[in-house]
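Student: Below is the structure I would like to discuss, written out as structure tokens.
The values are calculated or read from the model by the stated rules, or taken from the named source; none is laboratory data. As the structure is a computational prediction, the values presented were derived from the model and not from experiment. Positions of Cβ are generated from backbone atoms using ideal geometry, with glycine treated the same way; all protein chains shown enter the neighbour counts.
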Amino acid sequence: MGIALGIAAGLAAGWLLLIAALALARPKGGLLREALRILPDLVRLLRDLAADPDLPRGVRVRLGLLLAYLAMPFDLVPDFVPVLGYADDAIVVTLVLRSVVRRAGLPAVRARWRGTPEGFTALCRLTGLAP
């Protein structure tokens, strides 16, 4: 019984640390709103990048894991949690995108972007790169 309680407490503590990390890593200002607005274009971009055999394997693995996370029927943070409940997908996408764009390069991302130019500018702000 003590082991089960210890495991449950460890899982709860890990979940709370994850919530705190997501809250700290979230895009500042209007970037979160922009991330939510361009989310459909981002998903298409992620799918296209993940299917590209010319990109490094690590990039494709990260993108595949991200797409699997986005396809899950349940969220990492339940939707009833204020602010982060609905924003967790955008935050996770932003964190992975920063890593992917820095590794794959902006030209590879620009070549596969099917959204608007304003959406691409928002993507560059989210990833911390100049368009």
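Every residue, every condition in (1) closer than 22 Å to V100 by Cβ; (2) modelled with pLDDT under 80; (3) buried (at least 16 other Cβ atoms within 10 Å of the Cβ), yes or no:
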{"residue": "G14", "(1), (2), (3)": "no, yes, no"}
{"residue": "L24", "(1), (2), (3)": "yes, yes, no"}
{"residue": "L45", "(1), (2), (3)": "yes, no, yes"}
{"residue": "D54", "(1), (2), (3)": "yes, no, no"}
{"residue": "L65", "(1), (2), (3)": "yes, no, no"}
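Student: Additional query: When you go through L106, L126 one by one, which is the residue that is surrounded by fewer than 18 Cβ atoms within 10 Å (Cβ to Cβ) and in contact with a Leu (Cβ under 8 Å, 6 or more places away or on another chain)?
Tutor: Unique residue meeting the criteria: L106.
Student: Restricting to segment 71-110, give me the number of residues that are modelled with pLDDT of 75 or more, out of contact with any helix residue (DSSP H, G or I) (no Cβ under 9 Å at 6 or more places or on another chain) and part of a helix (DSSP H, G or I).
Tutor: Here the count works out to 2.
Student: Also, quick follow-up: Which residues, counting only those in segment 93-131, are at positive phi and under 15 Å from the mean Cα position of the chain (by Cα)?
Tutor: Matches in segment 93-131: G128 only.
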